Amino acid sequence: MWRTSPPMSGTGEGSDSKGWDYAKHGGDWAETEVGASCAGSAQSPIDITKFVDIGGQTKSVLWFDYYADPSLKSDMHLTLGNSGHGVFFGSDQIDLGYVKIGDEESEAFEYVFHAPSEHTIDGQVFPLEMQILHKRPTGQTLGISVLFKYGDSNDFLAAVLKASPEVPKWHIDTGAAQTAIDAAVADAFNLEHVLSKGAVHPGGDLTFYQYEGSLTAPPCTGGVDWYVSSEAVSATKAEISHITAAIYGSESTRNGNNRAVQELGSRKVLVGHTGFQHHIKHHGHKAETPPDSRGYTSQDSPWA
């Protein structure tokens, strides 16, 4: 057997009381100390049934304002992490950007990879899912889920492959692992490239399914506003395998790090359309006053 105790969040050290894993794809989390809330209602991920169970359109456009932070310096020490539950990135040194719905702006603070995908569409499972987590002004979480399929190169995953040739694998004898991600490769920190389908119109006509759910891993906190890409984004086999090899190569996630889909219940799934704000970030948006220029304005732009 690969382990004696499942890894804890953060340290990645084994613990029978506070650790958890994907051996049963979340089926046993409610029995653990950290996963007690995972038995709650309105949980994530879900299977999304096209055309039949879609409840209509969201009232507001989901605006993306992702960018490569100009304060990024080539000598910064930035890393990808793996604490036994998957590959992730999060750093308070740089600004990953925002999304905005109506007049509410939510800051991206972390992204996590799952293989195979946790969210499914009409039962279809995808080789990779990237979940970008954002902090809402209310203190709750907004999640952007991007599904990947094999195909043409993805600018973001290609940049991550270049910036971090080695992706961290978790082993029981070493605990949480990290590998360097080269800060000189600015595109590896520009989340807009995840969605890019062309140089003229990043995102193309990409739409998202929206529903109310939870974090997909312990503590399974509820009240998460999820936006799931309605069409999978293309990436090459090499780009996808670069990430999935670290997941399947970790002892605790040999069978993947995907939670089983949860019952939708009475929840509605809606369709949300997207917009993009293009600009050069002249000063930190974490300042009290946001940048005056967002590159362009339109009558329906939330920053106009």
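For segment 149-157, the criterion of a residue being in contact with a strand residue (DSSP E or B) (Cβ under 8 Å, 6 or more places away or on another chain), crowded, with 20+ Cβ neighbours inside 10 Å and within 22 Å of Phe64 (Cβ to Cβ) is satisfied by at least one position. Within segment 41-82, the residues that satisfy the criterion of being of a type in the set (Gly, Ala, Ser) and within 25 Å of Ser229 (Cα to Cα) are Ser41, Ala42, Ser44, Gly55, Gly56, Ser60, Ala68, Gly81. Just give me the residues in segment 217-268 being touching a residue at least 12 places away in the same chain (Cβ under 8 Å), of a type in the set (Ser, Thr, Tyr) and within 20 Å of Lys149 (Cβ to Cβ), in sequence order. Result: Tyr227, Ser229, Ser230, Ser234, Thr236, Thr244, Tyr248.
Which residues, taken from segment 115-142, are assigned to a strand (DSSP E or B) and of a type in the set (A, V, I, L, M, F, W, C)?
Of the residues in segment 115-142, the ones assigned to a strand (DSSP E or B) are 120-121, 124, 128-135, 141-142.
Listed by number, the residues that qualify are Ile121, Leu128, Met130, Ile132, Leu133, Leu142.
Quick one: count up the residues across segment 251-265 that are surrounded by 16 or more Cβ atoms within 10 Å (Cβ to Cβ) and modelled with pLDDT of 95 or more. Spell out the reasoning first.
As a first pass, look at segment 251-265 and keep what is surrounded by 16 or more Cβ atoms within 10 Å (Cβ to Cβ): 251-253, 256-259, 261-262, 264.
Adding the requirement that they be modelled with pLDDT of 95 or more leaves 253, 256-259, 261-262, 264.
Residues that pass the stated criteria total 8.
Taking the stated definitions as given, is Thr120 hydroxyl-bearing (Ser, Thr, Tyr) and modelled with pLDDT under 95?
On the way: hydroxyl-bearing (Ser, Thr, Tyr): yes; modelled with pLDDT under 95: no.
Criteria not met by Thr120.
Screening Asn82 against (1) in contact with an Asp or Glu (Cβ under 8 Å, 6 or more places away or on another chain); (2) more than 15 Å from Ile240 (Cα to Cα); (3) polar (S, T, N, Q) leaves a single unmet condition, (1).
For segment 196-215, the count of residues that are β-branched (Val, Ile, Thr), farther than 29 Å from Thr11 by Cβ, at pLDDT below 95 and surrounded by fewer than 16 Cβ atoms within 10 Å (Cβ to Cβ) is nonzero.
The values are calculated or read from the model by the stated rules, or taken from the named source; none is laboratory data. These numbers come from a predicted model, not from an experiment. Neighbour counts run over all protein chains shown; Cβ positions are idealised from the backbone, glycine included.
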